[in-house]
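The values are calculated or read from the model by the stated rules, or taken from the named source; none is laboratory data. Just so we're clear, the structure is a prediction, and the values are computed from it rather than from any experiment. Virtual Cβ from ideal backbone geometry, glycine too; neighbours counted across all protein chains shown.
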Amino acid sequence: MANRKAQKAPARRVGRPPAEIGPNGKRETPKRRQRREEIYDVAIAIFNKKGYASASMQDIADEIGVLKGSLYYYIDSKEDLLEGIFTQADQEFMELIEEALALDVSEVERLRSFARAWCLWYLQNIERARIYVNDWDQMTGKRRKSVARARREYGEQVQGIIDRAVEEIGLESDVDSHWARLYVFSAINGLPMWYRRNGESSPEEISVAYAELIIRTVLCSGSAELEAKSAASKPVKKRRKAARLS
């Protein structure tokens with residue numbers, strides 16, 4: 001049998017960063033991912049400044065310093081950008097839920113801890129939070145349905161945390177727990193209406209106060225059981241002036 005020449009394996013390219021799958025299902029290198037994240041950051045700033053409806057892809061391109069057409073290499077449309085902002089926020093919200101559920105604490109303390117973390121996320125990401133609260137109805141078609149589904153799933157998880165805290169205390173309230181959840185959502189979603197980063201109160205201080213307000217309102221501060229649990233928690237710092245309104 002004639003000797004066959006050994007076939008060389010194809011040379012492996014070196015120096016090229018590994019590609020990953022981006023949110024649109026396309027492969028992207030770290031450089032591409034960095035540019036995409038920059039586009040999102042600029043879009044968030046412009047949506048906050050001009051409002052989503054008034055902002056344009058040209059505004060985003062001008063701010064970054066590129067041609068408008070080059071943006072479509074990274075995203076499909078302005079609404080695609082909006083969906084990406086919502087998707088990332090929903091993922092981070094679910095992470096907050098998972099962290100709260102993993103705590104080895106009472107159900108009341110779980111609700112307090114989650115409310116504090118939830119509020120803190122809003123304050124530390126106030127620009128994204130403002131878009132999340134104000135612009136979700138700008139979504140259309142499948143994107144709108146996807147966002148609505150994610151919100152329902154998240155709301156059900158929050159409902160469960162509230163219900164278990166109420167059950168632990170043994171409260172018999174005339175108020176349906178469904179309304180309690182809507183009350184909590186209204187309180188948190190109201191933060192972008194008044195909070196500004198140049199205010200005198202820190203996000204941590206406001207988060208602690210909001211968490212306590214949620215606990216004492218939803219679970220009724222008159223409950224002896226709740227009072228006993230609250231006494232064991234750290235006292236809220238001396239009241240300071242609220243964050244300034246712009």
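Here are a few things to note about the model shown:
- Residue that is surrounded by the fewest Cβ atoms within 10 Å (Cβ to Cβ), among those in the stretch 164-180 that are acidic (Asp, Glu) and assigned to a helix (DSSP H, G or I): Glu167
- Of the numbered criteria (1) at pLDDT 90 or above; (2) closer than 21 Å to Arg110 by Cβ, the one Arg197 fails is (2).
- Which listed residue, of Ile60, Ile97, is under 30 Å from Glu168 (Cα atoms) and either in the same structural domain as Gln159 (by TED's automatic domain parsing) or within 24 Å of the chain's Cα centre (by Cα) (or both): Ile97
- Screening Ala211, Ala129, Ala117 for residues that are under 23 Å from Ser77 (Cα atoms) and touching a residue at least 60 places away in the same chain (Cβ under 8 Å) leaves exactly one candidate, Ala129.
- Index of the failed condition, Ala211 passing every other in (1) closer than 14 Å to Ile97 by Cβ; (2) at pLDDT 95 or above: (1)
- For the stretch 181-199, the candidate set comprises residues that are within 13 Å of Ile214 (Cα to Cα) and more than 16 Å from the chain's Cα centre (by Cα); within that set, the residue that is surrounded by the fewest Cβ atoms within 10 Å (Cβ to Cβ) is Leu182.
- Residues located in the stretch 31-44, provided they are within 17 Å of the chain's Cα centre (by Cα), among the hydrophobic types (A, V, I, L, M, F, W, C) and either within 16 Å of Val66 (Cα to Cα) or loosely packed, with under 14 Cβ neighbours inside 10 Å (or both): Ala43
- Scan of the stretch 109-127 for residues that are surrounded by fewer than 22 Cβ atoms within 10 Å (Cβ to Cβ) and over 20 Å from Ser201 (Cα atoms), ordered by number: Glu109, Arg110
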